[in-house]
Amino acid sequence: LDRLKFPDLKSFWREIIDEVPALNFIPETINGVTYRRALLAAHALFPIKSGIAVIDEYKVKATVQLPQAGFGGFVFSEPYSYQKSSDRIEVKVLELPKDSQPPHFSGAIGQFDIFAEIKEKTVPINQPFALDIRIEGQGNAKLIDLPKINWPEGLEYFDQKSEARFFKNGHSFKSFEVLLIPKQNGEIEIPPLKFGFFDPVQRIYYEKKTPSLKVIVTGQMKVDSADVLNDANTGATDFQSPIKYILPDLHSEAEWRTAVQSWTDFVFNNLLRWVTFATILIGLVLMIWVWYI
C-alpha cells in the first residue's frame, strides 16, 4: 500500500494519536466475508467553527500479485496496481449556547480543572517570582489562553511561558509560568483566577476558580546608578553598587571602591599564577620533545 493522500481536515484542529509506520493486519469477518484489517492512522479532531465540517477522503494505491499454479509449484503473476479512497464524511457542528456563557469563558470546550501555586511564599522586593497555573482535563487544552487576571496594586506583570501536551486517551494539559515583580513591601494577595468552559457531555457551561494566593514581600528596593547620582544632590548617603550582580550590597562609595580593588587584585593575582604555571609546563614539554628528537 502506498498512501497517496491524507485528509486535509481544514475544518478541524488535529491531534495525532497514531500514524503507524508498518501495517499490522488482523482478520475480521463482515457479513460472512473475511477481510484483513490494519490501522493506518488515528487522530483526535476538534471542529473550529459551527456548520458542516467535511472529513475529506483518504487515498491509497495498492499493488497486487496473485499466486497461480505453475511448473514445480506456485508462481506469482505480473503485478498490477489500482487506487482506493474512503468516503467523504460530513459532520454537523453545533453552535455554542449564547445566553448562558459565563463572563470568563474564552472558548474552552471539555471537562477541565484549574490549579494555581506560588512556591516561594516570601520574596524580595523588586525581584521576579513565579506564579504557576495549570489547566487539565478531557478536551484540547492546547487551545486555551491564560485567563484574564486583575493584578493587585504593588504587583507588576513581567513575562510568561507555557507548555501543553495532548495524550492518546483524550486527556490534555496546559501550564503557564507567569513572572511577577513585587513593587512594595508587605503582604500582597493575588485574587482567585476564574476559568469558564463548556462541557459537551452535559451541554452546560461551568466556571471554576482557584483560591486566592498570598506572598510576603521583604527587603529594600534596589536602585540603579542614575538614582545614586540624583541622590548625591539631595544629601543621601545610601549607595548601591552599579555591579550589584558581582559584588554584595554596599552602602558607601568607600566600601564599594575597596570591594572593587579587592576583586581586581584577586583576579590579577590568580591570572599571574596561571600564566606562570602554563609557561613552566610548556617549557617542560618542549624540553622533553627536544630530548627525544
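Counting only strands (runs of 3 or more DSSP E) that sit completely within the range 71-151, those holding 1 or more residues that are under 28 Å from residue 169 (Cβ atoms) correspond to 89-93, 105-117, 129-139.
With respect to (1) closer than 30 Å to residue 43 by Cα; (2) surrounded by 12 or more Cβ atoms within 10 Å (Cβ to Cβ), the lone exception for residue 95 is condition (2). Filtering the range 170-218 to residues that are surrounded by 15 or more Cβ atoms within 10 Å (Cβ to Cβ), assigned to a loop (DSSP other than H, G, I, E, B) and of a type in the set (Val, Ile, Thr) leaves only 210. Condition check for residue 27 on (1) under 30 Å from residue 143 (Cα atoms); (2) modelled with pLDDT of 90 or more; (3) not in a loop (DSSP other than H, G, I, E, B): one failure, at (1). Being part of a loop (DSSP other than H, G, I, E, B) and touching a residue at least 60 places away in the same chain (Cβ under 8 Å) is the filter here; which residues of the range 12-24 pass it? Those that are part of a loop (DSSP other than H, G, I, E, B) and touching a residue at least 60 places away in the same chain (Cβ under 8 Å): none in the range 12-24. Do we have residue 35 as open to solvent by 40 Å² or more (accessible area, probe 1.4 Å) and aromatic (Phe, Trp, Tyr) here? Spelling it out, residue 35 is indeed open to solvent by 40 Å² or more (accessible area, probe 1.4 Å) and aromatic (Phe, Trp, Tyr). Residues that are exposed (fewer than 10 other Cβ atoms within 10 Å of the Cβ) and either in contact with a Leu (Cβ under 9 Å, 6 or more places away or on another chain) or of a type in the set (S, T, N, Q) (or both) do not occur anywhere in the range 38-60.
Here residue 105 clears all of (1) touching a Ser or Thr at 6+ places or on another chain (Cβ under 8 Å); (2) aromatic (Phe, Trp, Tyr); (3) closer than 25 Å to residue 203 by Cβ except the condition numbered (1). For residue 98, the test of being free of Cβ contacts under 8 Å to residues at least 40 places away in the same chain, under 17 Å from residue 161 (Cα atoms) and not polar (S, T, N, Q) is failed.
The values are calculated or read from the model by the stated rules, or taken from the named source; none is laboratory data. Everything numeric here is computed off the predicted structure, so don't read it as measured data. With ideal geometry, Cβ positions are generated from the backbone for all residues, glycine too; neighbour counts draw on all protein chains shown. For accessibility, only protein heavy atoms count, side chains too; no ligands or nucleic acids. Shrake-Rupley method; radii C 1.70, N 1.55, O 1.52, S 1.80 Å.
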